[in-house]
1. Just how large is the dipole of region 150-313 about the Cα centre, in debye to the nearest 20, putting +1 at every Lys and Arg Cβ and -1 at every Asp and Glu Cβ?
2. Relative to 2.2 N^0.38 Å, what does the C-alpha radius of gyration of region 9-146 come to as a ratio? Two decimals please.
3. Cα centroid distance between region 45-63 and region 267-315, in Å?
4. Of His191, Phe103, Tyr295, which is farthest along the charge dipole of the chain in the positive direction, counting Lys and Arg as +1 and Asp and Glu as -1 at C-beta?
5. Using a cut-off of 13 Å between beta-carbons, work out the net charge of the residues near Arg262 (Lys and Arg +1, Asp and Glu -1, Arg262 not included).
6. Mean residue ellipticity at 222 nm from the helices of the chain, using -39,500 (n - 2.57) per DSSP H segment of n ≥ 4 over the full residue count, to the nearest 500 deg cm²/dmol?
7. What do you get when you divide the Cα radius of gyration of region 196-315 by 2.2 N^0.38 Å, with N the number of residues?
8. For region 219-309, state which trypsin sites (Lys or Arg not before Pro) are in a DSSP loop and have at most 13 other beta carbons lying within 10 Å of their beta carbon.
Amino acid sequence: MAQGIKGRKVAIVGCGFVGATSAFALMESGLFSEMVLIDVDQDRAEGEALDISHGIAFARPMDIHAGTYADAADADVIIVTAGAAQKPGETRLDLVNKNVAIFSGIMAQIRESGFSGILLIVSNPVDILTHVSIQMSGLSEHRVIGSGTVLDTGRLKQIISERLGVDPRNVHVRILGEHGDSELIAWSSAHVAGIPLEDFFNMRSKGSYEEFRHEVTDLVRDSAYEIIQKKKATYFGIAMAVKRICECIVRDEKSVLSVSNRLQGEYGIEGVALSTPCVLGSSGIEVRMPPSLNYREQAQLKESANQLKEVIAGLEL
């Protein structure tokens, strides 16, 4: 660490689009005073560290450098973005076999380093890889967090805000389950500043609320595929989601985010990681908050879990 700089340390494993944009977002955030970039391509890690560090003069003092897993041993947070990228026409679950093999090597090195901080999994399919990381990292499961549906929920709030003409920060609604095609929107508890979403819709818009819900659901579910089709990858939105999760941890905020975590019997679901609301703080997941769901939504959540379990059952762990 550079002389005179004290504070928190973050390591990012994987310097592709998602890793690099997350590193840039975290540099600008001022949350950390040291950042280690790790990649199988050492030159890529060194190049990204050098490039991002040139912006420090316009931000806050920070030591940014390429390194190894040994350098990440004392990090407060390790963020894993490494893995094969999702290609046009490919689902997140199609990536599973490629990325589980990659994660096996990554988790072995993290475990060997003696790391004891918070492990944030961002690579896809994030729910499967969160489950795998809990088993392989040696860390307690409350210290292993998947980025889950944090970005999906952000997309949902933005789309609703555009349709209804309201600040997305006043839209309170969550996407739960798999970060993927089986995800569900918890419409039954959605509200805008305390006003049920359906009532707010009737105040601000004309037409059918059910049609509005179907339209929004399709837009959110297909948004990642649309972005990948148009520009080959998504990275800015997830980088902001990574920053938000890190804020909760570093500042010990006790904020509630829908992150991927391994359920312990809630709604009859266990042995699988998927997104539900959790209180996040300096120790990771502090409290799992069973979401308020109607009967249909509970059934959708169980179906999402069952689809993930089928994938897990086919893995060689």
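1. 460 debye
2. 1.01
3. 38 Å
4. So the residue furthest toward the plus end is His191.
5. Its environment carries a net charge of -1.
6. For the chain, the value works out to -14000 deg cm²/dmol.
7. 1.27
8. Here the sparse-neighbourhood loop sites are Lys232, Arg251, Lys254.
Bear in mind these aren't lab numbers, they're just calculated from the coordinates by the rules spelled out. Given the structure is predicted, the values throughout are model-derived calculations rather than measurements. With ideal geometry, Cβ positions are generated from the backbone for all residues, glycine too; neighbour counts draw on all protein chains shown.
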